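J.: Have a look at this one before I ask anything.
Only the coordinates and a few stated rules stand behind these numbers; no lab work does. From a predicted model like this one, the values you see are computed outputs, not experimental measurements. FYI the Cβ positions are ideal-geometry reconstructions off the backbone, even for glycines, and counts take in every protein chain you see.
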Amino acid sequence: MSTDDESMYATPDEEHRRLLEETGYDADLGMEMARDAQKVSAGDLSEVEFYRRYHDRILEEFDVDDREVDLPDPDEVDSGDVNAIDRIEGAFEGIGETLRGVDGDESESRRSVMKKGAAAAALGLGGLGSAGATTGGDDGAAGAGGGDDGEGTRWGMTINLNNCDGCLACMVACDQEHNLSEGANWMYVFAFEDEGQGEQENFLPRTCQHCTDSPCTKVCPVGARHTREEDGLVLTDYDICIGCRYCEVSCPYGVNYFQWGEPDVPESEIDDDHQIDDRGRWVGSRPPEGVMGKCTFCVDRQDGQMGEEKVGTTACEEACTMDAIHFGDLNDPESPPNQHLEEYRSGQENDLEEFPNRKEHTVSTFKLMEERGTEPNVQFIGNEPSPHAEQVEGPVAYEDMGITDNRKEVLDRGADGGEEA
Amino acid sequence: MTPLAASAVAALASGPAAVPLASSPEYTLPFVGPGTYLIFGIVLLPVYAMVAAWFIGDPSDRFANLLGLGYLAGLTTVLWGSLFVATIIIGVVFF
Amino acid sequence: MSVDVTGVDRETLVRPIQTFTKRYLAALAVAFGLIGVWLFFYVQQLQHGLIVTNLADWGSGGGVPWGLYIGAFIWWVGIAHGGIILSAAVRLLGMDTYQPVARLAELLTIAALTCAGVFILIHVGRPDRLVTSVLPAWPTRVQWSPLMWDVTVITAYFVLTATYLALTIRYDVHRLRDRLPNVLEPVYRVITVGYTEKEDQVVERMVWWIAFAIIIMAPLLLHGGVIPWLFSLLPSMAGWHGGVQGPSFLSIALTSAVSGIIIISAAFRYAYGWDELIPDTVFQGLAKWLGFFSLIFLWLQLQQVITGIFAAPTTLQHATEVKIATPLYWVAIGLVALAMLYAFATSLRPELYDIRVLVGMSVAVLFGTLAEKVLFVVEGLQHAHFDLYAGVPGAYIPSPVEISAVLGTVGIVVLFFLVVSKVIPVVELHAIEDHEEVDA
Ligand code: SF4
Ligand code: SF4
């Protein structure tokens, strides 16, 4: 089920095509509205926009738009108009709730639930606004909250290198949560020494940077590597990937791990909940043979499939006892990554009274190779490794944690040696 | 640009263009997209010129022209068709 | 023009079709042997995955994800590309000297494109999805992904070249029909369907236009443009960047293509005693082209090395330093340089010319360009900008599986020529007879 892909709304052009494509009664319109309603509930889409988008079509389809009562003409609504948002919100109460309700059925595969969910939503939309509940917009902390930039969720991390002690617990947690094959270290912790910084060791935990302008998605010939529009996650569709490894070659950070042979953990041992995301696409857990894998920012958690309490957390963050990893919505000023940065900075304020021209704080932050223009969504607090930094052995050896550092050793053992669990 | 498009672009790439730099394909689409326009609209112009010249210029022969067109279309089909068969066989036997 | 092969009779032309020798069988056996070795290994790869190669992940993985497969892919595309440019140049610029080898060049293009396609198939982790994933994504991906663009361009070249061949072959088959074997009658009937002698001039015009389209699209799309683009687009690797990659790739393409044509023409000349049909003048001319293209190739390499070590960004400088410290690189450069020197020497002192030496030089050039291509890919991948990893630069030596694929594709080309030369004349009738003569 690849049909419910939000990227189709990306350009006016495609939007146009979508309108053209709309043929019969209900199904298409329902599907789209359901999908968009989910976006509204996730905070990806403003209610005003949702209303504007469907106003004419609802009129056309049902002769009357129930929602219209007391509402301004959609074309005159400005997304900045707070009152308009309130009024529209009133009309939309419950959509998010209705839609979220369809995800619950554990006994069915995600794929079939997705299909049914869309259908159910299409039906439910007939009686818009009748179910009373809270609006869906609150958990996503929509654009209205005013994050760094842009609306909607943008998952990201702040990793505080000063806190990291190189225990490798995050690597192990990631490895287990995603059933990774030996040597596929989606999370990888460097211990490094830098020139002129003495003998002191530094650490650098490295995930996929989930770049906003990611080269890997640009080069993928089949669009398997894509940015999920609802929250900016960079994911690989395991059903589509042809395994050309172009993404791996184009990624400046070396975070991709191809599945060269049979995965260590067979498909039968992994729940669909871990693998299929809320759009019904197979993007989670370890990749099958011949397909590319990398850190997913625990997409299964973000979609609520590991339980509501795990939304906004990652396995590595959970495993870190040193408070080094902070995961959350970068568009939300209250989220852990933003909060942590804020707190850390305010703890290290500069004396602006005496030195008015100094920066507000003395905290050094960086993103990896920002000059490449990839716009990473992972930011670090601490010392950036210089070009002369060298990886050294850390206090905890990879082997001691049951992790293989250099995957080539595994691969060199060949098909019969390495890849069996 | 609508707020929708603006937010889509902002979420994807803060570049100025309205074209998504990173988007996944829509698999229910017919064979139409920006790439279709680029290849069939621009890159294949020399081929169109060639075919036009076949028909318009002199000497010209209807049968030969159609035969040429047939080869172009037929070979493309055969190429992809046989690749398709090969991949299906590989898929059935090995995956 | 110093070359005149119009005295050669039709018997000579169809000699490959009418003879059947032990040597032919031996060549066939070799071709099948090469393909068989490759298939043996390839089945293993299909069974176990790409783990049977020596490729691995770069980064913490300590390897390189692209290797001989991609190197050989570019190499075949280059040969194909150069082949079609040469053949189109013969048509458009009327370089009649090379008419005896024009069709061989076209056939080489088709065979080499096939091999390039084979390398895409065996490079990817999921060959079974090559159509089902690629076609639906094509409209939205082709303008972004160089690999997709490549697939498109290979299709276009294959189709144009094959159409070209299919149209021109009708003339020859029709006129030589009485000398061609009757068992193949159905094939010939299909090839010459609806043929009338009236169409000759029309087809002449049509193929001129095909050549025109090919020439226009050629440098724009293939080695002058997209393949270097495939690499220099990437922000991750230092060694691949720079505008000089375009011309550099083109020069390699032409150099390898001329070498390929020299080898194949020489093989036919040797096997069928075609000393008159493909006279020394043709080879001497090709040798000059070889020398000329090699010169450009070397010059552009020099360019890259100098810009790479003189005040280049650190990682590029490092990559370049490693490149020039690699013995294989100097072997590759040395082979091409040797070929260039020999080619120029023969044009100054014709008595130095010996076709066997020339063929040897061509083989050396092909080896050199393949080595250069693989090094380009691998060394590019070994030297990432982000080199904090202990596993960067990664290690890579092609595995037997990968090497077998190169042999297998060489086998495919040999087999292709062996089979085709038994069915259609691989040298055009136009080469030995003026048009009027034939029509009369
Ligand atoms: S870090 Fe690499 S794999 Fe991850 S989004 Fe950026 S380019 Fe893609
Ligand atoms: S390996 Fe898969 S995800 Fe990566 S570029 Fe190739 S097809 Fe796309």
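J.: Apply the Karplus parameterisation 6.51 cos²θ - 1.76 cosθ + 1.60, with θ equal to phi minus 60°, to every residue of segment B:66-73 and state each ³J(HN,Hα) to the nearest whole Hz, in sequence, with x for glycine and proline.
T.: These are the phi-based 3J(HN,Hα) values: 5, 4, x, 4, x, 4, 4, 5 Hz.
J.: Given labels modelled 7 Å from the Cα in the Cβ direction, how far is it in nm from A:HIS388 to C:LEU25?
T.: Here the answer is 7.1 nm between the modelled labels.
J.: Taking the Cβ of each residue in C:LEU167, C:LEU93 as the centre, tally the other Cβ atoms inside 10 Å and list the residues starting with the fewest.
T.: Numbers: C:LEU167 20, C:LEU93 11.
Result, fewest neighbours first: C:LEU93, C:LEU167.
J.: Helix check for chain C. Which DSSP H runs span at least 18 Å along their own axis by Cα, with a mean Kyte-Doolittle hydropathy no less than 1.0? Mind dumping the intermediate values first?
T.: On the way: long enough: C:22-48 (39 Å, 0.94); C:68-93 (36 Å, 1.65); C:99-123 (36 Å, 1.48); C:146-176 (44 Å, 0.83); C:199-221 (32 Å, 1.23); C:245-272 (40 Å, 1.11); C:280-309 (43 Å, 1.04); C:327-348 (31 Å, 1.75); C:355-382 (39 Å, 1.51); C:400-423 (34 Å, 2.05).
Taking the DSSP H segments of chain C (at least 18 Å long, mean hydropathy at least 1.0), we get C:68-93, C:99-123, C:199-221, C:245-272, C:280-309, C:327-348, C:355-382, C:400-423.
J.: Taking a label point 7 Å from the Cα of C:ALA271 along the Cα→Cβ vector, which residues of segment C:173-196 have an amide N closer than 19 Å to it?
T.: C:180-181, C:184
J.: How high is the relative contact order of chain C, in percent, with contacts defined as C-alpha pairs under 8 Å that are six or more residues apart? Please report the intermediate quantities before stating the final value.
T.: Details: 592 pairs, mean separation 153.3, N = 440.
Relative CO of chain C lands at 35 percent.
J.: Next question. Expressed in nm to one decimal, what extension gain is obtained for the pair A:ASP323 and A:GLN339 from 0.36 nm per residue of sequence separation less their Cα-Cα distance?
T.: Values: separation 16, 0.36 × 16 = 5.76 nm, distance 1.26 nm.
Full-extension gain reported as 4.5 nm.
J.: Under 14 Å from the 7 Å Cα→Cβ point of B:VAL92, by amide nitrogen: which residues of segment C:113-138?
T.: Backbone N within reach: none found.
J.: For B:TYR48 paired with A:SER346, estimate the spin-label separation in nm (one decimal), with each label point 7 Å from Cα along the Cα-to-Cβ line.
T.: Result: 6.2 nm between the two label points.
J.: To the nearest 0.05, what FRET efficiency results for C:ALA395 and C:TRP299 with a Förster distance of 35 Å applied to their C-beta separation?
T.: Working: r = 32 Å, r/R0 = 0.90.
Here the calculated transfer efficiency is 0.65.
J.: Assuming R0 = 22 Å, can you tell me the calculated FRET efficiency for the pair B:ALA73 and C:ILE216, based on Cβ-Cβ distance, to the nearest 0.05? Before the final figure, lay out the partial values.
T.: On the way: r = 21 Å, r/R0 = 0.94.
Plugging the Cβ-Cβ distance into 1/(1 + (r/R0)^6) gives 0.60.
J.: As a quick test, which of the pairs C:LYS288/C:LYS323; C:LYS373/C:LYS422; C:LYS22/C:LYS198; A:LYS218/C:LYS288; A:LYS218/C:LYS323 have an alpha carbon distance above 31 angstrom in this structure?
T.: Values: C:LYS288/C:LYS323 29 Å; C:LYS373/C:LYS422 33 Å; C:LYS22/C:LYS198 41 Å; A:LYS218/C:LYS288 42 Å; A:LYS218/C:LYS323 28 Å.
Those over the limit are C:LYS373/C:LYS422; C:LYS22/C:LYS198; A:LYS218/C:LYS288.
J.: If you don't mind, there's one more thing I want to ask. For C:ASP172, what is the net charge nearby, where nearby means another residue's Cβ is under 12 Å from its Cβ and Lys, Arg count +1, Asp, Glu -1? Intermediate results must be reported in sequence, preceding the final value.
T.: Details: positive: C:ARG10, C:ARG103, C:ARG170, C:ARG175, C:ARG177, C:ARG179; negative: C:ASP200, C:GLU428, C:GLU433.
After counting each charged neighbour, the total is +3.
J.: Along its three principal axes, how long is chain C when you only count alpha carbons? Whole Å, largest extent first please.
T.: 75, 54, 42
J.: Here's a follow-up. Tell me, what HN-Hα J-couplings in whole Hz come from the Karplus equation 6.51 cos²θ - 1.76 cosθ + 1.60 at θ = phi - 60° for each residue of segment C:51-63, using x for Gly and Pro?
T.: 4, 6, 8, 9, 7, 7, 6, 8, x, 5, x, x, x
J.: Now a separate question. Which order do B:PHE31, A:PHE258 fall in if you start with the one that has the fewest other Cβ atoms within 10 Å?
T.: Numbers: B:PHE31 11, A:PHE258 31.
If I rank by nearby Cβ atoms, fewest first, I get B:PHE31, A:PHE258.
J.: Once fully extended, how much extra length lies between C:LEU338 and C:GLN317, figured as 0.36 nm per residue of separation less the alpha-carbon to alpha-carbon distance? Present the calculation step by step, with values, prior to reporting the outcome.
T.: Working: separation 21, 0.36 × 21 = 7.56 nm, distance 2.72 nm.
Extending this stretch completely gives an extra 4.8 nm.
J.: Quick check on the exposure proxy: order C:GLU428, A:GLU269, A:GLU334 from fewest to most C-beta atoms within 10 angstrom. Write out the running numbers ahead of the final one.
T.: Values: C:GLU428 20, A:GLU269 9, A:GLU334 12.
The most exposed by this proxy come first: A:GLU269, A:GLU334, C:GLU428.
J.: Looking at chain C as a GNM with Cα springs under 10 Å, which of C:ALA319, C:ALA80, C:ALA26 has the largest mean-square fluctuation?
T.: C:ALA26
J.: Calculated FRET efficiency, C:LEU328 and C:MET95, Cβ-Cβ r, R0 35 Å, to nearest 0.05?
T.: That gives a FRET efficiency of 0.50.
J.: Okay, next question. Through the Karplus equation 6.51 cos²θ - 1.76 cosθ + 1.60, θ set to phi - 60°, convert the phi angles of segment A:258-268 into ³J(HN,Hα) values in whole Hz; use x for Gly and Pro.
T.: 6, 8, 5, x, 3, x, 5, 9, x, 3, 4
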